[in-house]
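Every number in this text was worked out from the coordinates using simple rules, so none of it is lab data. Keep in mind the model is a prediction, meaning the values are calculated, not measured. Here the Cβ is made from the backbone with ideal geometry for all residues, glycine too, and neighbour counts use every protein chain on show.
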Amino acid sequence: MRSYLAPGDYLPHDAPMVLLDAVLDVSADSARCQVSLNQGGVLTPFLDSEGRLPGWYALELMAQTVGVWSGWHRHQQGEKRISLGMVLGARDLECKIDLFPANATLEIAVHLLMQDSRFGSFEAVICHNEHPVATGRINTFQPDDAELAQLFNQESP
């Protein structure tokens, strides 16, 4: 069984924007992460007064799981720098519930459908109690340093 770093070690985010608790598994074409919706957890700033998380967070949970997949692979290749990735869009994104329930533990899984050097497409599912509560396809893009500099109106390296 492999051991994994914390999700934030694979993502270009700092707290409170790391929305995942743990990396469960990463393979050549998939990743699984987990997060608990409890007071004092990573999602605390985003929970409503009853401890629930709005369903529209599903896209970011899926996107961060894709980011963990990408970051883990870069880490395995010896890359020290965490690269910024971008969500180009989501297709067939469906959240079957308006609010993820308080004290729930969510498992987020992504599966690579297609990838070239800079674009990727992933099927994603979020499960609560082993039942799918959100599904969709996430399309991603990996900008290079010059594109990032242009995006953020900075000089290219």
remark   = Using alpha carbon centers only, segment 1-67 is separated from segment 111-127 by a whole-angstrom value of 17
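Counting only helical runs of four or more DSSP H residues, what would the 222 nm mean residue ellipticity of the chain come to if each run contributes -39,500 (n - 2.57) and the total is spread over all its residues? Before the final figure, lay out the partial values.
On the way: 2 runs with 26 residues, N = 157.
About -5000 deg cm²/dmol.
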request  = Kindly list the residues of segment 44-66 that lie in the label zone of Ala15, defined by a backbone N under 14 Å from the point 7 Å along the Cα-to-C-beta vector.
outcome  = 44-46
message = Give me a comma-separated list of calculated 3J(HN,Hα) values for segment 16-32, in order, Karplus coefficients 6.51, -1.76, 1.60 applied at θ = phi - 60°, integers in Hz, x for any Gly or Pro.
response = x, 8, 7, 9, 10, 8, 8, 9, 8, 6, 9, 10, 4, 10, 7, 8, 10
key: Simple label model, 7 Å out from Cα along Cβ direction - Gln76 to Leu5, nm   = 1.5
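Rounded to the nearest 5, what % of DSSP beta bridges with both residues in the chain are antiparallel?
Within the chain, antiparallel bridges account for around 100 percent of the total.
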request  = Please report Phe119, Phe152, Phe46 as a ranked list, fewest other C-beta atoms within 10 angstrom at the top and most at the bottom.
outcome  = Phe152, Phe119, Phe46
ask   = Using alpha-carbon pairs under 8 Å, 6+ residues apart, how would you state the relative contact order of the chain in percent?
value = 22
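Between Asp48 and Glu60, what length in nm is gained on full extension when 0.36 nm per residue of separation is reduced by their alpha carbon distance? Let's see the in-between values first.
Values: separation 12, 0.36 × 12 = 4.32 nm, distance 1.70 nm.
My answer for the length gained is 2.6 nm.
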task = Subtract the Cα-Cα distance of Arg91 and Ser36 from 0.36 nm times their separation in residues, and report this length gain in nm to one decimal.
result = 17.2 nm
query = Taking θ as phi - 60°, what are the ³J(HN,Hα) couplings along segment 122-132 by the Karplus curve (6.51, -1.76, 1.60), each to the nearest whole Hz, with x for Gly and Pro?
reply = 10, 7, 10, 9, 10, 10, 10, 6, 6, 10, x
query = When the dipole is taken about the Cα centre of the chain, and only Lys, Arg (+1) and Asp, Glu (-1) are charged at their Cβ, what size is it in debye, to the nearest 20?
reply = 200
note = With x for Gly and Pro, the residue-by-residue ³J(HN,Hα) of segment 99-104, computed from phi through the Karplus equation 6.51 cos²θ - 1.76 cosθ + 1.60 at θ = phi - 60° and given in whole Hz, is 9, 6, x, 4, 6, 6
task = Normalising by the residue count of segment 34-107, find the relative contact order in percent from Cα pairs under 8 Å and 6+ residues apart.
result = 54
ask   = For the pair Thr105 and Asp144, how long in nm is the line joining their label points, each one 7 Å along Cα→Cβ?
value = 4.4
